[in-house]
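Below is one structure, written out as structure tokens, with a few remarks after it.
The values are calculated or read from the model by the stated rules, or taken from the named source; none is laboratory data. What you see is a predicted model; the values in this text were computed from it and never measured. Quick reminder, even Gly has a Cβ in these numbers, built from the backbone with ideal geometry, and neighbours come from all protein chains shown.
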Amino acid sequence: MSKEKLKVAVVGATGYAGCELIKILLGHPEVTITSVSGKVEEAEKISEIFPLFKGRLDLACDNVDVPAISKAADLIFLALPHKVSMLFVPEFLKAGKKVVDLSADYRLKDAGIYEKWYGAKHTSTGLLKDAVYGLPELHKKEIVKSKFIANPGCYPTGSILGCAPPVNKGLVDTEQIIIDAKSGVTGAGRAASLALNFAELNENFKAYKINQHQHMPEIDQELSNAAGSKISVTFTPHLVPMNKGILSTIYFTLKKETGAAELLALYKQFYKGAPFVRILDEGIFPETKDVYSTNFCDIGIKVTGKRVIVVTAIDNLWKGAASQAVQNMNLMMGYGETAGLAL
Ligand SMILES: NC(=O)c1ccc[n+]([C@@H]2O[C@H](COP(=O)([O-])OP(=O)(O)OC[C@H]3O[C@@H](n4cnc5c(N)ncnc54)[C@H](OP(=O)(O)O)[C@@H]3O)[C@@H](O)[C@H]2O)c1
């Protein structure tokens with residue numbers, strides 16, 4: 001007799017992350033999608049909203065109806081904007097569902113920091129302690145036992161993975177970690193805005209929210225945990241006229257001179273059990289095309305005396321969002337970590 005598949009729901013299915021989630025989940029051997037929802041004028045087949053799903057998923061996409069979704073599915077992915085997610089997460093958890101939330105609403109442990117950076121009152125602070133920050137390379141043990149995952153942001157994923165090994169070993173002068181990150185346009189979501197018009201973006205390259213991007217406290221939180229002391233990074237995000245991908249160039253200084261081979265060995269050792277982190281050989285640096293539509297984070301390292309430059313590449317909608325959410329589901333459910341995610 002064949003094993004029953006896990007029933008999953010995608011809430012926020014009409015957005016970029018929701019669409020990628022459906023693509024990945026349709027190829028996952030252990031799950032079946034039983035509900036898709038979002039914010040719609042009237043119910044419409046998801047295969048009409050995204051014709052790529054024609055003949056593969058013909059479910060109707062309707063507005064979010066928590067009792068109906070809870071009846072249909074056992075694990076809920078929420079790919080909703082921040083502030084909206086926290087309206088629904090408590091209800092799904094109350095209904096006994098497992099939840100993977102892709103928004104920022106439960107990533108920051110300190111509600112005051114959330115309120116400062118996201119400009120909104122946190123309406124379910126009681127659940128912050130229950131949310132596990134879903135970066136499997138740092139928190140696998142907690143994820144495996146968790147029912148509720150706060151899936152990391154895209155910039156934080158590439159930034160934290162690039163710094164964590166030497167920061168965790170106490171090798172870095174933590175006063176000056178500088179992250180210069182460049183993202184493709186899907187990072188801003190699918191909703192229309194003037195700044196995201198083709199004519200505004202094309203043949204243009206700009207920095208924005210310099211040292212005031214809302215992902216900074218998330219990077220600080222996780223690197224501070226890894227270091228065991230408070231870290232505040234310097235962070236400049238950029239918008240690149242390409243659809244997907246984040247390339248992060250990270251600069252820091254070591255407390256004492258360490259050879260390139262030694263540092264590479266440290267990274268490889270740190271990520272030994274991490275199937276989706278690839279440490280590149282000396283002199284080789286990642287490109288966004290190398291990780292396009294994959295769950296990989298590729299890392300290249302240049303050491304010059306005490307100075308280190310680390311370059312990381314991820315796909316913002318995959319390792320930075322949807323495929324990382326599936327990696328988290330795999331760990332929560334006891335499936336193979338790479339199930340449904342191998343190329
Ligand atoms: N894009 C990335 O690279 C990325 C990476 C990591 C994490 N994330 C996070 O993932 C979440 C989704 O991001 P995204 O880029 O997919 O955004 P998006 O393209 O704007 O999609 C958001 C989805 O939420 C729906 N929605 C908005 N308000 C709603 C409401 N009040 N009730 C029900 N549904 C509502 C939207 O429906 P409509 O289409 O009708 O508005 C859409 O389906 C965000 O929290 C984002 O920060 C995104």
Please report, ordered by residue number, the helices (runs of 4 or more DSSP H) entirely within region 9-74 with at least 1 residues that are modelled with pLDDT of 95 or more and within 22 Å of the chain's Cα centre (by Cα).
-> 16-26
Of all residues in region 25-43 being crowded, with 22+ Cβ neighbours inside 10 Å and β-branched (V, I, T), the one that is farthest from the ligand (Cβ to nearest atom) | V31
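Let's see how each residue does on (1) free of Cβ contacts under 8 Å to residues at least 12 places away in the same chain; (2) in the same structural domain as A13 (by TED's automatic domain parsing); (3) hydrophobic (A, V, I, L, M, F, W, C):
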{"residue": "E175", "(1), (2), (3)": "yes, no, no"}
{"residue": "G187", "(1), (2), (3)": "no, no, no"}
{"residue": "L194", "(1), (2), (3)": "yes, no, yes"}
{"residue": "I210", "(1), (2), (3)": "no, no, yes"}
Every listed condition ((1) among the β-branched types (V, I, T); (2) surrounded by 12 or more Cβ atoms within 10 Å (Cβ to Cβ); (3) touching a strand residue (DSSP E or B) at 6+ places or on another chain (Cβ under 9 Å)) holds for I210 save (2)
Of the residues in region 1-21 that are among the aliphatic types (A, V, I, L, M) and crowded, with 23+ Cβ neighbours inside 10 Å, the one that is farthest from the ligand (Cβ to nearest atom) is V8
Residues being away from the ligand (no atom under 16 Å from the Cβ) and either of a type outside the set (D, E, K, R) or farther than 29 Å from K306 by Cα (or both) - total across region 137-177 = 23
Pairs with Cβ under 8 Å, 6+ apart, first in region 1-29 and in the same structural domain as G189 (by TED's automatic domain parsing) and under 16 Å from S47 (Cβ atoms), second near the ligand (Cβ under 8 Å from one of its atoms) and aromatic (F, W, Y) = none
Might you check whether a residue that is in contact with a His (Cβ under 6 Å, 6 or more places away or on another chain) and at pLDDT 95 or above occurs anywhere in region 138-151?
-> no
